[in-house]
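Student: A single structure is presented below for examination.
The values are calculated or read from the model by the stated rules, or taken from the named source; none is laboratory data. Not measured: the values here are computed from a predicted model. Here the Cβ positions follow ideal geometry from the backbone for every residue, glycine too, while neighbour counts run over all protein chains shown.
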Amino acid sequence: MLEKLKELGVLSPRKAEDYKKAWYKFSRNPLSIAGLAIVILVVALAILAPYVTPYPHHAGFFVDYDNANQPPSLAHPFGTDQFGRDVLTRIIFGFRYSLMMAATVLAIVTPPGVILGLIAGYYRDRWPDIVIMRVADIFVAVPPLVLALAICSVLEPNIFNAMMAVSLMWWPWYTRLVYGMASSLRMEPFVQAAEIVGASKFHIMFKEILPNCLGAILTKVTLDAAWVIILGSALSFVGLGAQPPTPDLGTMLSDGAKYMPGIWWITVFPAIAIAVIVLGFNLLGDGIRDVFAAEAH
Amino acid sequence: MRLATYLAKRIGYTIFVLLGLSILIFTLARVLPGDPARMALSPRAPEWAIEKLREQLRLNEPLPVQYLYWLRDVFSGSLGESLVTRRDVLTDITEFLPATLELLLFALIFDVAIAIPVGMLAGRKANTWVDNLVRGFAYIGVTIPAFVFAIIFLLVFGYILHIAPVVGRLSPGVVPPPRITGLFTIDSLITGNFSTFVDALSHLILPSLALALGPIAQEARITRASVVENLNKDYILASVSHGLPERLIVLKYLMKPSLIPTVSIMGLDIASLIGWAFLVESIFNWPGMSRYGIIAMLRKDLNAIVGVVMVTGLVFAIANILVDIIVSLLDPRIRMVERAK
């Protein structure tokens, strides 16, 4: 793959060498590889959900009371829920919603968060810094979950609005991260040099400062994927996010909680599923961080 | 004196942030699509009832005017009427807040009492089986969200093993202690009612532990990392070669600097405690402000939502100021920098 890109001239030979080195560092830690494997597996299952699940028609609205509340068996490895739907099938479809939530929120939030952080860091102690960072402070004055709950509560409860609510309060974390890095990078000799030779502000922000922040941003995106998934499942658990019969992991948890402790499998397997995705993204994020941290030294 | 000016500055800034937060949450609650009055009643409510509620919430006024009315009410000690309880939101919150504070307090006690010793131990025994065991548990603690712990605890300890009660603050039939602080454990101790104290404490264990496990895992990892770093420093080697007793080295010279990163991260962990309390209280039927907030959110009770968010912001701000003070007490260098400014 790398060789091909090099031949096509997409990657300079030096860049390709860098990627190879980074991959070597990453692959030496078995935990990072485990994280990558979990994430790839979850993504693959989510994409192929209709083909790999035993009962794809159980994902949405479906009722089969004859088979309701069956404990785990060969036919239903994770049992069936109160409507007779296969829990394993619904968990795999649930991965779709979790990943979609994470991908959408992070795609919406990262660019404006990063750009605002760059601007504030570049204009440190001048009015753009003061305005942007004060507004960011207001958004982080309440724990993220509380603000997301409050925003969701005044909207129609559905998964789209849950994504919008989480996006609306997530950008300041990127702004703060990039602000910290940009405001110190701004004083580095290479930035000063670019400034002296007359580079534009745009060039300095995006070509000099931003490339040096990418490692930290990538790490944060990976770790945040886990956070957004947790947050999304918490919102639908409360009833302010995805609604039944959507096979969302949070909705499944709250549905199942009513039938505890007798019919434990409806709740316990989605709970394990959430933990597995979160673990995967955490291990992957830690691995990426180690690669970039080693480079910085 | 230094601390006083620092505090004055922090409090001033906190007031600014809270004002900003009030504008943000107030605007969001009213600008977002949907008619709050219609949502609060039912879709089939008669038009006149909706109009009356709109009048009462002043929804017909322009937004800035609504906000100024709200702000005026806040300064005269009112957060507006709750649509669910038909009382002033401030009255509701003062009734329910102590239960939440008690839960958070015990979660913090668990957090500090477990995370720091475990982190110190793992750091001193770095790369042994003890360290690996702690690392394994820490990964579990970080990856499982608090509300999932809450459900699991409810199932395993409450319903299967019957180790601790899982509903509310007191067992049925137990009379709550006279309200002094509103924290049942403290009030029952003050009035000397020991059996009530034990009952209140047993109700606190599972919900506060479910809340605390995430922060415990995070802080144990951070304490471990800074202990490992400090153990390799020259001053520790010097104290060892001077023949100082190990207890003294560990408890005095090693612990103090190692706790600075831990306490600093606590500010963020308190955010997660406060946030997850909203779900954990609902799961354990804990009659606190957070459960009240969730009910308000599900019922579209605008005044209560705004009130709960604001009080949450206030609690969070106070907790962060306290964390800053503790960090500055632990680290004289930070005080020196403040002085230099």
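Student: Right, residue A:80: within 13 Å of residue A:249 (Cα to Cα) and either surrounded by 21 or more Cβ atoms within 10 Å (Cβ to Cβ) or free of Cβ contacts under 8 Å to residues at least 40 places away in the same chain (or both) or not?
Tutor: no
Student: Of the residues in region A:228-249, how many are under 16 Å from residue A:144 (Cβ atoms) and without any contact (Cβ under 8 Å) to a residue 24 or more places away in the chain?
Tutor: So the answer is 1.
Student: Pull up region A:185-225, narrow it to residues that are surrounded by 19 or more Cβ atoms within 10 Å (Cβ to Cβ) and of a type in the set (S, T, N, Q), then point me to the one that is nearest to residue A:122 (Cα to Cα).
Tutor: The qualifying residue nearest to residue A:122 (Cα to Cα) is A:219.
Student: Looking at residue A:51 and the list (1) in contact with a Leu (Cβ under 8 Å, 6 or more places away or on another chain); (2) assigned to a helix (DSSP H, G or I), which single condition is not satisfied?
Tutor: The failed condition is (1).
Student: Any idea which of (1) over 18 Å from residue A:135 (Cα atoms); (2) within 14 Å of chain A (Cβ to nearest Cβ); (3) surrounded by 18 or more Cβ atoms within 10 Å (Cβ to Cβ); (4) not basic (Lys, Arg) is the one residue B:31 doesn't satisfy?
Tutor: (3)
Student: Restricting attention to region A:256-267, and to residues there that are assigned to a helix (DSSP H, G or I) and at the interface with chain B (Cβ under 8 Å from one of its Cβ atoms), which single residue is surrounded by the fewest Cβ atoms within 10 Å (Cβ to Cβ)?
Tutor: Filtering first and then ranking leaves A:257.
Student: Among the candidates A:223, A:253, A:235, A:240, which residue alone is in contact with a Cys (Cβ under 9 Å, 6 or more places away or on another chain), assigned to a helix (DSSP H, G or I), within 14 Å of chain B (Cβ to nearest Cβ) and not aromatic (Phe, Trp, Tyr)?
Tutor: Selected residue: A:235, the only one of A:223, A:253, A:235, A:240 that is in contact with a Cys (Cβ under 9 Å, 6 or more places away or on another chain), assigned to a helix (DSSP H, G or I), within 14 Å of chain B (Cβ to nearest Cβ) and not aromatic (Phe, Trp, Tyr).
Student: Still on this model: Could you tell me how many of the residues in region B:262-297 are more than 8 Å from chain A (Cβ to nearest Cβ) and among the polar types (S, T, N, Q)?
Tutor: Within region B:262-297, residues that are more than 8 Å from chain A (Cβ to nearest Cβ) and among the polar types (S, T, N, Q) number 4.
Student: Identify all residues within region B:142-195 that are within 14 Å of another protein chain (Cβ to nearest Cβ), in contact with a helix residue (DSSP H, G or I) (Cβ under 7 Å, 6 or more places away or on another chain) and more than 30 Å from residue A:226 (Cα to Cα); write none if there are none.
Tutor: Once the filter is applied, which keeps residues that are within 14 Å of another protein chain (Cβ to nearest Cβ), in contact with a helix residue (DSSP H, G or I) (Cβ under 7 Å, 6 or more places away or on another chain) and more than 30 Å from residue A:226 (Cα to Cα), region B:142-195 yields only B:163.
Student: Restricting to region A:195-220, name every residue that is in a helix (DSSP H, G or I), free of Cβ contacts under 8 Å to residues at least 40 places away in the same chain and in contact with a helix residue (DSSP H, G or I) (Cβ under 9 Å, 6 or more places away or on another chain).
Tutor: Within region A:195-220, A:195, A:203, A:207, A:208, A:212, A:214 qualify.
Student: With the condition kept exactly as written, say whether any residue in region B:300-318 is in contact with a Ser or Thr (Cβ under 8 Å, 6 or more places away or on another chain), part of a helix (DSSP H, G or I) and away from chain A (no Cβ under 14 Å).
Tutor: Scanning region B:300-318, I find no residue that is in contact with a Ser or Thr (Cβ under 8 Å, 6 or more places away or on another chain), part of a helix (DSSP H, G or I) and away from chain A (no Cβ under 14 Å), so the answer is no.
Student: Listed residues A:134, A:126; which is surrounded by fewer than 23 Cβ atoms within 10 Å (Cβ to Cβ), farther than 20 Å from residue A:217 by Cα and either facing another protein chain (nearest Cβ under 9 Å) or within 20 Å of the chain's Cα centre (by Cα) (or both)?
Tutor: Numbers: A:126 fails: either facing another protein chain (nearest Cβ under 9 Å) or within 20 Å of the chain's Cα centre (by Cα) (or both).
Only one candidate passes the filter, namely A:134.
So that you can scan it fast, the table gives a plain yes or no per residue for (1) in a helix (DSSP H, G or I); (2) of a type outside the set (Asp, Glu); (3) at pLDDT 85 or above; (4) surrounded by 14 or more Cβ atoms within 10 Å (Cβ to Cβ):
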site	(1), (2), (3), (4)
B:110	yes, yes, yes, yes
B:114	yes, yes, yes, yes
B:135	yes, yes, yes, yes
B:141	yes, yes, yes, yes
B:158	yes, yes, no, yes
B:164	no, yes, no, yes
B:178	no, yes, no, no
B:187	yes, no, yes, yes
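Student: Additional query: Could you give me the residue pairs with C-beta distances under 6 Å whose first residue belongs to region B:1-30 and is assigned to a helix (DSSP H, G or I), whose second residue is among the aromatic types (Phe, Trp, Tyr) wherever it lies, and which are 6+ apart or on separate chains?
Tutor: B:26/B:67
Student: Only one residue in A:182, A:148 is among the small types (Gly, Ala, Ser), under 30 Å from residue B:35 (Cα atoms) and surrounded by 19 or more Cβ atoms within 10 Å (Cβ to Cβ), so which one is that?
Tutor: A:148 is the lone residue from the list that is among the small types (Gly, Ala, Ser), under 30 Å from residue B:35 (Cα atoms) and surrounded by 19 or more Cβ atoms within 10 Å (Cβ to Cβ).
Student: Also, I was wondering about something else. For residue B:285, are the conditions met, namely being surrounded by fewer than 23 Cβ atoms within 10 Å (Cβ to Cβ) and outside any helix (DSSP H, G or I)?
Tutor: Yes; evaluated as a whole, the condition is true for this residue.
Student: What is the residue count in region A:250-292 for residues that are in contact (Cβ under 8 Å) with a residue 40 or more places away in the chain and closer than 28 Å to residue A:36 by Cβ?
Tutor: 22
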